[in-house]
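Okay, so here's the structure we're looking at.
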Amino acid sequence: MRSVYKRLDPAIQSHLLVIREGAGLPEGASSLEALAQDWMNKENAFQEQRQAMGMEEATECRHSGRGMLALTYSGSLVAIGPQQDGKRRAVYVSIDRRRDVPSRVEHENAILSGSVQVGCEIVFNQGPVKQSSAVYRLALLPEDLPALDQNTRLDEATLVLTREFAAVDGTRMTAE
């Protein structure tokens, strides 16, 4: 059977190498396999939550009235609410094993420097972080959904995914 790590996109493999080093995990295939399996579990959880919240998968979001949820190549989550009264709420949640980024940061008046696109970093002029790693999956809320409802769904999805991601990391950390 081919390794999970080797089946991943090369960009994800590169991020997992950095995560392994940053988390202080031992060198070798077993650490990379554990991280790769974790990453796959997180991607599956993201896709399930996207469907449960009625979000559409997209490659780009240019419409400021839409809330979005992004999964980055490094396995972090970025939730960005719709623009409302010139403001957007943004939440950044990193994976638990990384020590080089904050675990969770929120900003109530986030300003994006441009559109959010798969394959590109999310860059904030003002926000929870200066930039994320590149977006791997992007999910958009329906544009006809009121802003308050979009923010509520984003909060729910972020909470569920944060718990699921923590459980994945906890399971792997105790199994090693």
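The values are calculated or read from the model by the stated rules, or taken from the named source; none is laboratory data. These figures come from a predicted structure and were not determined experimentally. Using ideal geometry, Cβ is built from the backbone for each residue, glycine included, and neighbour counts are taken over all protein chains shown.
For the reader, a short list of remarks on this structure follows.
- All positions within segment 129-155 that are under 24 Å from Ser74 (Cα atoms) and aliphatic (A, V, I, L, M): Val129, Ala134, Val135, Leu138, Ala139, Leu140, Leu141, Leu154
- Criterion violated by Asn44 - all others in (1) touching a Lys or Arg at 6+ places or on another chain (Cβ under 9 Å); (2) closer than 19 Å to Val4 by Cβ satisfied: (1)
- Checked against the criterion of being out of contact with any Asp or Glu (no Cβ under 6 Å at 6 or more places or on another chain), of a type in the set (Val, Ile, Thr), modelled with pLDDT of 95 or more and farther than 22 Å from Thr152 by Cβ, segment 77-95 contains not a single residue that satisfies it.
- The one condition in (1) farther than 15 Å from Ala70 by Cβ; (2) modelled with pLDDT of 95 or more that Leu138 fails to fulfil: (1)
- Residue pairs meeting the criteria (Cβ under 7 Å; at least 6 apart or on separate chains; first touching a residue at least 12 places away in the same chain (Cβ under 8 Å) and crowded, with 18+ Cβ neighbours inside 10 Å, in segment 138-151; second assigned to a loop (DSSP other than H, G, I, E, B) and polar (S, T, N, Q)): Leu138/Thr59
- Looking across segment 5-34, the residues that are modelled with pLDDT under 90 and either in contact with a Leu (Cβ under 7 Å, 6 or more places away or on another chain) or among the aromatic types (Phe, Trp, Tyr) (or both) come down to Leu16, Ile19, Arg20, Ser31.
- Residues in segment 1-21 that are surrounded by 15 or more Cβ atoms within 10 Å (Cβ to Cβ) and in contact (Cβ under 8 Å) with a residue 60 or more places away in the chain: Ile12, His15, Ile19.
- Among the residues of segment 24-64, just one is of a type in the set (S, T, N, Q), surrounded by 16 or more Cβ atoms within 10 Å (Cβ to Cβ) and touching a strand residue (DSSP E or B) at 6+ places or on another chain (Cβ under 9 Å), namely Gln49.
- Residue tally, condition hydroxyl-bearing (Ser, Thr, Tyr) and either in contact with a Ser or Thr (Cβ under 9 Å, 6 or more places away or on another chain) or under 18 Å from Val168 (Cα atoms) (or both), over segment 1-36: 3
- Per the conditions (1) over 24 Å from Pro10 (Cβ atoms); (2) of a type in the set (Phe, Trp, Tyr); (3) outside any strand (DSSP E or B), the sole criterion not satisfied by Phe124 is (3).
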